[in-house]
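See structure below.
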Amino acid sequence: GEGITNYEYGSIGLPGYLGGKPVDDPELKKKKLNAELANGRLAMMAIIGMFFQDGLTGSAWGDWANYVDSPLRAFENELGVQAPVGFWDPLGFTANGDAASFRRRRYIELKHGRVAMLACLGYIVPEYYRLPGDLSPSLGLKFTDMPTGFAAFSKVPGSGWAQMVAFAGTVELFQYVDDPTRPPGDFANAGSLGVPNGFLRISDPETKKKKLSAEIANGRLAMMAIIGMFYQDGLTGSAWGDWSLYTDSPLRASAQDLLAGTGGPFPENYWDPAGI
């Protein structure tokens, strides 16, 4: 509140005895206080980054070439090291330089990214197209009767779930089996776009590297996207998240008014991802 944050200091924090004058216009004051919060958050992130860069390279501007002892250099030329962040491992999973552990994590990243890309398509495509015919003739259930998203869980027959589990298990155990002699995620019996026993193969090394890098980047984006769709669907009943449908949100309580203006692209937005 006002009594907690003001202390009778003027604009830019100048004390009154040094000539500091308060901002009288309420809208202008609110705008400046919001700007202070945003700049403070950015500064907290920036100074931590400078501390790390200075400690590792001897310079706050972080000339990476100066940090020649870094174990991260063992992987800085791997696929997935992309601009603008380069090699990014803030939790230090690769700090020990263990190549086997890195390969395992890359394999898992690729698998999750591929599944997430398919999952995103599974959310989007049914909004525009449904297969004709019956999904379950015995139950009289057509493809056009199926809802999208989480609502479909209660509609799919048990035999349908059994078929999906059996198919996924067959692919996992027999079709796409990891070969330690090949790069992670590279299967001998899969061609371009992962088509089983595909005859379309990429022979040009540079083109292949570009497409594999794009796959990693798109998979990372898809993993974030599908989690967002899950949250939106769970809270609002739609993967596209009409916030007005989530009337039971505790964020709609009076705390929302206190948080208004503390984050987001619009003046009255707020941001509290940890639910504090």
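The values are calculated or read from the model by the stated rules, or taken from the named source; none is laboratory data. Since the model is a prediction, treat every value here as computed from it, not as a measurement. Glycine gets a Cβ as well: all are built from the backbone with ideal geometry, and neighbour counts include every protein chain shown. Side chains included, ligands, DNA and RNA excluded: accessible areas come from the protein's heavy atoms. Shrake-Rupley method; radii C 1.70, N 1.55, O 1.52, S 1.80 Å.
Just a few scattered comments:
- About its Cα centre, the dipole of the range 124-211 is roughly 200 debye, where the only charges are +1 on Lys and Arg Cβ and -1 on Asp and Glu Cβ.
- Based on Cα contacts under 8 Å between residues 6+ apart, the range 119-211 shows a relative contact order of 11 percent.
- Reachable lysines from residue 21, criterion Cα separation under 24 angstrom, eight or more residues apart if same chain: 29, 30, 31, 32
- Proximal lysines relative to residue 209, as straight alpha-carbon distance under 25 Å, when same-chain residues fewer than 8 apart are discounted: 111
- Potential lengthening of the chain between residue 139 and residue 118 amounts to 4.8 nm, from the contour at 0.36 nm per residue minus the alpha-carbon distance.
- You can think of it this way: the chain between residue 24 and residue 167 has 44.7 nm of extra reach, that is 0.36 nm per residue less the Cα-Cα gap.
- Surface listing: 181, 170 arranged by accessible area from highest to lowest gives 181, 170, probe 1.4 Å.
- Accessible surface of residue 44 - all protein chains present, 1.4 Å probe, nearest 10 Å²: 120
- Accessible surface of residue 101 - all protein chains present, 1.4 Å probe, nearest 10 Å²: 40
- Carbon + sulfur, % of accessible area of the range 76-175 - ligands and nucleic acids excluded, 1.4 Å: 66
- Net charge, residue 146 excluded, C-beta distance under 15 Å - Lys, Arg +1, Asp, Glu -1: -1
- List 125, 156, ordered by accessible area with a 1.4 Å probe, largest first: 125, 156
- Paramagnetic label reach from residue 159 (point 7 Å along Cα→Cβ; backbone nitrogen cut-off under 15 Å): within the range 124-138, residues 134-138.
- Isotropically averaged projected area of the range 86-141, using the convex hull of Cα atoms (one quarter of hull area), nm²: 7.2
- Solvent-accessible surface (1.4 Å probe) assigned to residue 134 amounts to roughly 70 Å².
- Order of exposure, largest accessible area first, which applies to 238, 159 with probe 1.4 Å: 159, 238
- For the range 104-222, the Kirkwood estimate of hydrodynamic radius, built from reciprocal distances between every pair of different alpha carbons, is 16.7 Å.
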